[in-house]
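What follows is a short report on a single structure.
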Amino acid sequence: MRHLAPYQTGIWLAEYINLRCQLCAVYRSIPQAQLSQSHSSSNPSLFSQNSLLAENASHSLSSNYSLSSNHPLLSNHSFSTSIRKRFNSRFSSGLLCPSCHSSLTWLPQPFEVDIAAGRTLTIQAATYYDYPMRQAIKAFKHHEDMTKLPLLLHAIRQLPRPHGCHHDNSMIVAMPTTDERLIKRGFDPVSILAAYLSKHWDIPLWQGIRRVDDTVSQQGLSRAERLTNLDNAFALIEPPPVKRLLLFDDVATTGASLQALAHTLCIYPVPAPNANNKYHLCAYALAHGSQL
Ligand SMILES: [Zn+2]
């Protein structure tokens with residue numbers, strides 16, 4: 001059995017064992033079905049949201065099942081089928097209950113930043129950088145609070161997989177961190193989140209670019225200062241093996257970091273025989289801006 005990071009066990013517990021909503025802590029099992037019915041009768045729009053959650057849940061379930069079936073304990077087919085049915089019957093709403101899910105604003109309008117002459121980068125966030133995502137991201141990022149990871153994973157699952165992208169023609173580029181920051185923090189929060197996005201979309205990660213600056217935090221800087229701060233912040237280790245690159249960061253406030261990362265990639269010449277072509281770049285983030 002392959003080694004698993006401790007937080008992966010926590011995700012499984014949150015999804016399949018502890019069936020509480022990761023925000024309000026209400027059980028998502030039997031009361032959940034009643035909650036869905038009462039909500040769908042009073043608010044028709046919830047129907048589609050519940051469908052989305054169910055779809056996410058089934059996606060996660062199928063991923064989990066393929067892993068679980070390798071476990072020696074689940075080698076008995078009937079036993080594994082029984083476990084799967086049990087999961088199916090109890091697990092029907094993702095990591096948040098429909099009420100909490102619908103209380104958040106998902107997929108704000110994408111925004112664009114300039115990355116080169118005549119070229120822009122579109123950035124799609126999963127939600128706004130408000131409660132509860134703001135607190136969850138801060139706790140996870142700065143205090144390594146893994147109990148917030150299920151909520152962040154729920155947000156990641158709201159991101160729409162880009163049309164036409166798949167594991168053969170695209171790669172996800174997580175916002176790199178510096179060695180200094182990695183040593184200081186002891187972990188890389190963005191790469192963990194990107195790994196879940198990679199699993200969710202079934203698109204591999206590419207780590208051929210690294211951060212070479214040791215700039216101070218971007219917090220508190222103006223947009224112009226952020227961009228100046230990021231001049232020559234990234235360096236390519238190797239040419240990207242595919243032309244479609246999906247950039248990912250946890251928070252895109254002004255999009256300056258993603259903009260600088262995209263700029264580094266778009267000035268790099270595409271190897272022959274596609275030398276006249278350019279990389280297709282788009283960007284995703286967990287959260288952007290604030291509605292408040
Ligand atoms: Zn809830």
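The values are calculated or read from the model by the stated rules, or taken from the named source; none is laboratory data. Just so it is clear, the structure is predicted and the values come from calculations on it, not from any experiment. With ideal geometry, Cβ positions are generated from the backbone for all residues, glycine too; neighbour counts draw on all protein chains shown.
The table below gives the values:
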item	result
Lys148 vs. criteria part of a helix (DSSP H, G or I) and surrounded by 20 or more Cβ atoms within 10 Å (Cβ to Cβ)	yes
Segment 109-129, residues that are surrounded by fewer than 18 Cβ atoms within 10 Å (Cβ to Cβ) and not in a strand (DSSP E or B)	Gln109, Pro110, Ala117, Gly118
Filtered residues of segment 105-152 (kept if more than 14 Å from Cys21 (Cα to Cα), in contact with an Asp or Glu (Cβ under 9 Å, 6 or more places away or on another chain) and within 16 Å of the ligand (Cβ to nearest atom))	Thr105, Ala136
Answer residue from segment 7-29, given it is within 16 Å of the ligand (Cβ to nearest atom) and assigned to a helix (DSSP H, G or I) and is farthest from Gln135 (Cα to Cα) among those	Glu15
Matching residues in segment 244-292 - criterion: being touching a helix residue (DSSP H, G or I) at 6+ places or on another chain (Cβ under 8 Å), at pLDDT below 90 and of a type in the set (Phe, Trp, Tyr)	Tyr279
